[in-house]
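Structure, as structure tokens:
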Amino acid sequence: MTKPWNRVGIGLAGISLIVLLACGVLAPLRPTESRIVGIDTAQLAKVDTLIMRDIEEGKMPGAVLIVGRNGQIVKRQVYGHLQLVPKKQAMPMEAIFDLASVSKVVGTATATMLLIEDGKLRLDDPVARYLPDFGQQDKGDVTIFHLLTHSSGLKPYASVNNIKEERQESESKADALIRHICQLPKTYETGKKYKYSCLNFLTLARVNETAAGESQNDLLQRRVYGPLGMKDTGYILTEQQKQRTAPTIEVNGVFFQGQVHDPLANYYGSGDHCPGNAGLYSSAPDLAIYAQMILNGGVYNGTRVFKAETIDLMTQIHSPPGVSFRRGLGWGIYWGSPYASELNHTPEHYILGHLGYTGTYIWLDKRTKAFMVFLTNRVHPEEKQTIGEWLKEVLYDVVDTVRHSIHEYKDTPWRS
């Protein structure tokens, strides 16, 4: 049987490009009146009240929201504060955020898809082809595909303390972490379950760098972020950028600001190698460009960074049969899951998204050509809610309000 990633609809890609050109969405994102692109202005305005309520209740210090549709920005708003302590600082539109797990799709999965296009990686490739030690403990059957879809058999996370204890004198921290993952046994049969795992994407980033012959940061800056004009996106920040970065947790009296919140990514570092599970920084304007590029089928403002068929492949459902939580290649795909319901279950109608633990979220709707970027630093100055509580009390309400402002979604709840 032909595998789904070997079936490419070139004809459909060409038709899609003609439609995009006709709609003018290959031009730079620009502001417009909500009603022009089918957004209920009054409904969308309700999101301001919701977000300010949550800020006043201490669920986050501030936020940045961008909503777009058909290549145009319909809402671009800042709320609250970049930081509350040691002194309050207003939230700027150009604030940079620790993306946490949004790094998995905007960073690592994006790099993987570039290398697949280049022919340097294949989804069927065993991970052990690039990291020979990974084949230990019956993991020789784990492929690039399994890492991307969280169906590898690896456990969700690992103890930094254990890795510190195991680290050899001659090893870098990054190499010690990868060696630790390579030695782990599987916790379930490869390809039979979905289990979200940071270890999948830590491994995948090292595979990317081995195949590319350069760091993931350098690859993405050269091929994606730089060409698209995403000037505040990367794994390594300048001192000036750190000043605009939303702080997260406090450690030994100092708040992390430009220092990665995730423990494994923090230990791994972003020098010679980049962590794949977290560690990427970006701003809402940059992520809006990225979102529009995906909705445009790999091109933005006349710059093509992916073939349309690569975007189609990345945004299809690839989860194992019988698994209810559906995944693309890096993306979460929302219909018929606990996060969303959808009227039409064909690939061109999928809703894509990814959440980051620090309070970051990117959401794209292929049917209505709408997107939302919602960035917060909910763990500053301290974490008052679990991520599950924050989802239910903050993010669900924001996404519901945005969705219901789009005319096609008047009768379609986000939560099922």
### Residue that is surrounded by the most Cβ atoms within 10 Å (Cβ to Cβ), among those in region 194-250 that are part of a helix (DSSP H, G or I) and of a type in the set (D, E, K, R)
ARG206
### Query
From the set of residues in region 123-175 that are part of a helix (DSSP H, G or I) and acidic (Asp, Glu), which is nearest to GLU209 (Cα to Cα)?
ASP175
#### Entry: Filter pass, ASP48 being in a loop (DSSP other than H, G, I, E, B) and at pLDDT 95 or above
no
### Message
I'd like to know if region 59-70 contains one or more residues that are surrounded by 14 or more Cβ atoms within 10 Å (Cβ to Cβ), in a strand (DSSP E or B) and either out of contact with any strand residue (DSSP E or B) (no Cβ under 7 Å at 6 or more places or on another chain) or charged (D, E, K, R) (or both).
### Response
yes
### Query
Conditions: (1) within 19 Å of the chain's Cα centre (by Cα); (2) charged (D, E, K, R); (3) surrounded by fewer than 21 Cβ atoms within 10 Å (Cβ to Cβ); (4) not in a helix (DSSP H, G or I). ASP272 meets all but one. Number of the miss?
(1)
### Summary
Filter region 374-394 for residues that are among the basic types (Lys, Arg) and surrounded by fewer than 22 Cβ atoms within 10 Å (Cβ to Cβ); the one that is nearest to the chain's Cα centre (by Cα) is LYS392
### Message
Tell me yes or no: at least one residue of region 279-286 is under 22 Å from ILE116 (Cα atoms), at pLDDT 95 or above, assigned to a loop (DSSP other than H, G, I, E, B) and in contact with a helix residue (DSSP H, G or I) (Cβ under 9 Å, 6 or more places away or on another chain).
### Response
yes
### Task
Kindly check whether there is at least one residue in region 32-42 that is within 22 Å of the chain's Cα centre (by Cα), of a type outside the set (S, T, N, Q), modelled with pLDDT of 90 or more and within 22 Å of VAL402 (Cα to Cα).
no
### Query
Does LEU177 qualify as being in contact with a Ser or Thr (Cβ under 7 Å, 6 or more places away or on another chain), crowded, with 22+ Cβ neighbours inside 10 Å and under 19 Å from LEU131 (Cα atoms)?
no
### Task
Return yes when PRO126 is crowded, with 16+ Cβ neighbours inside 10 Å, farther than 26 Å from GLN221 by Cα and not charged (D, E, K, R) and no when it is not.
yes
### Summary
Going through region 74-103 in order, the residues found to be part of a strand (DSSP E or B) and hydroxyl-bearing (Ser, Thr, Tyr) are TYR79
### Query
Just for region 71-104: of the residues that are of a type in the set (Lys, Arg) and either at pLDDT below 95 or crowded, with 18+ Cβ neighbours inside 10 Å (or both), which one is nearest to HIS407 (Cα to Cα)?
LYS75
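The values are calculated or read from the model by the stated rules, or taken from the named source; none is laboratory data. Small disclaimer: the values here were computed from a predicted structure and weren't measured. Cβ sites come from the backbone with ideal geometry, for glycine too, and all protein chains shown count toward neighbours.
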